[in-house]
Amino acid sequence: MRHLMNPLDFTVEELEKLFDLAADIEANPAKYAHVCAGKKLATCFYEPSTRTRLSFEAAMLNLGGQVLGFSDAASSSAAKGESVSDTIRIVSCYADICAMRHPKEGAPMVAASRSRIPVINAGDGGHQHPTQTLTDLLTIRSLKGKLGGFTIGLCGDLKFGRTVHSLINALIRYPDIHFIFISPPELKVPDYITDMLTEKGISYKEVIRLEDCMPDLDLLYMTRVQKERFFNEEDYVRLKDFYILDKDKLSAAKQDMLVLHPLPRVNEISVEVDDDPRAVYFKQAQYGVYVRMALILTLLEIEV
């Protein structure tokens, strides 16, 4: 039995197989419509989510399986004080696979250590968000034709953004990646990440203004400033509008640059950008369903 806690749990070769499977699912949906008949996915979400929870549920339903679970800790026995360890033991009696989101770093890992079914980390605090990273990688591979050989700008909340941390760790395994970190000093990427990049000899630079690097980018990964990660309202209000991508800023970008965003957005990408062919964040959400379908099949060891 295998779990997914971290994007690095899969080798580059295993990820290629996963992405090939996701591509086949996209091309041949009818082929996969009933392969999980009789299987159940439990979505245990202790923290709010739209895309991640619904895409997991859509993925299992698209495979012919069923879903059960909760979308809020208050509607589970966690509200009565039940531990994650006890919850997963119970869920293991009801479902074949579990996707768990939790505000505490490491909670899905605790669940995996006690579970009798595969557990997928659907986001744990500011730590990891591996299925978003798989979504990001599949999006890049599908639209750019490869993984590697590009300059990627990561913009916004690089301190608390778990999607950013996961993506950086995943991308460093591919050749010729150059990072540009775009953030205010208060939200800069953690030192442990820049130390790791320096140690591995991977190219990066840190800038404050998005305009200073836009012409150099092949990919721009926007993130929102996350209110839920701040300890006080004043800091959030001061930084929430620090970066807003609009048509004017985008005019300096390459014609084939892609704009990605894990969503939800607040106002960091103007709605006027949505119609630009370089804006692929809604397409990215669709790729999230395909990659989660492929992941469910892989962890359940179902071959088609």
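The values are calculated or read from the model by the stated rules, or taken from the named source; none is laboratory data. Not measured: the values here are computed from a predicted model. Heads up, the Cβs are rebuilt from the backbone with ideal geometry, glycines too, and the neighbour counts pull from every protein chain shown. Each accessible area value is taken on the protein alone, full model and side chains, heavy atoms only, with ligands, DNA and RNA left out. Shrake-Rupley method; radii C 1.70, N 1.55, O 1.52, S 1.80 Å.
Entry for the chain at q = 0.12, 0.14, 0.15, 0.16 Å⁻¹: log10 I(q)/I(0) = -0.79, -1.07, -1.22, -1.35, Debye formula applied to identical alpha-carbon scatterers, no solvent contribution.
Counting only DSSP beta bridges with both residues in segment 1-149, the antiparallel share comes to about 5 percent.
Distance between the modelled labels on Glu13 and Met196, one decimal in nanometres: 2.3 nm (7 Å Cα→Cβ projection).
In this view, the solvent-accessible surface of Arg224, computed with a 1.4 Å probe and all protein chains in place, comes to about 50 Å².
Partners of Lys205 within straight-line reach, counting aspartates and glutamates whose Cα lies under 19 Å from its Cα and excluding those fewer than 8 residues away in the same chain: Asp157, Asp176, Glu186, Asp191, Asp195, Asp216, Asp218.
Per-residue 3J(HN,Hα) values for segment 132-145, derived from phi via the Karplus relation 6.51 cos²θ - 1.76 cosθ + 1.60 with θ = phi - 60°, read 5, 5, 4, 4, 4, 5, 5, 4, 4, 4, 5, 9, 9, x Hz in sequence order (x marks Gly and Pro). Residues whose amide H lies under 5 Å from that of Leu217, counting only those 5 or more places away or on a different chain, are Lys254; hydrogens are built 1.01 Å from N in the peptide plane. Its Cα centre serving as origin, the chain has a Cβ charge dipole (Lys and Arg +1, Asp and Glu -1) of approximately 740 debye. Rounded to the nearest 20, the size of the Cβ-charge dipole of segment 158-217 about its Cα centre is 220 debye, with Lys and Arg at +1 and Asp and Glu at -1.
For the peptides 107-116, 82-91, the ranking by mean Cβ contacts within 10 Å, running from highest to lowest, is 107-116, 82-91. The modelled label-to-label distance for the pair Leu68/Glu301, using points 7 Å beyond Cα in the direction of Cβ, is 2.4 nm.
Okay, helix-only estimate at 222 nm for the chain: each DSSP H run of n ≥ 4 adds -39500 (n - 2.57), divide by all residues, round to 500 deg cm²/dmol; what do you get?
Taking each H run of at least 4 residues, the total per residue is -11000 deg cm²/dmol.
With q set to 0.12, 0.21 Å⁻¹, the log10 of I(q)/I(0) for segment 1-129, from the Debye formula over equal scatterers at the Cα positions, is -0.46, -1.33. A cut-off of 5 Å between modelled amide H atoms, ignoring neighbours fewer than 5 places along the same chain, links Gly65 with Cys36. The mean accessible area for residues of the chain, using a 1.4 Å probe and ignoring ligands and nucleic acids, is 44 Å² per residue. The length gained by stretching the chain between Arg278 and Lys247 to full extension, at 0.36 nm per residue less their Cα-Cα distance, is 10.0 nm. For the chain, the carbon plus sulfur part of the accessible surface works out to 51%, probe radius 1.4 Å.
The alpha carbon radius of gyration of segment 69-204, expressed as a multiple of 2.2 N^0.38 Å, is 1.24. If you fit an axis through the alpha-carbon atoms of helix 162-171 and take the longest principal axis of the Cα set of the chain, what angle between them do you get, 0 to 90°, nearest 10? It works out to around 80 degrees.
In the structure shown, do any of Lys17/Lys249; Lys188/Lys247; Lys144/Lys200; Lys17/Lys40; Lys17/Lys283; Lys144/Lys247 have a Cα-Cα gap over 32 Å, and if so which?
Those over the limit are Lys17/Lys249.
Among 163-170, 128-135, the peptide with the highest mean count of other Cβ atoms within 10 Å heads the list, and the full ranking is 128-135, 163-170.
Here the chain carries DSSP beta bridges of which approximately 5% are antiparallel, counting only pairs with both residues inside.
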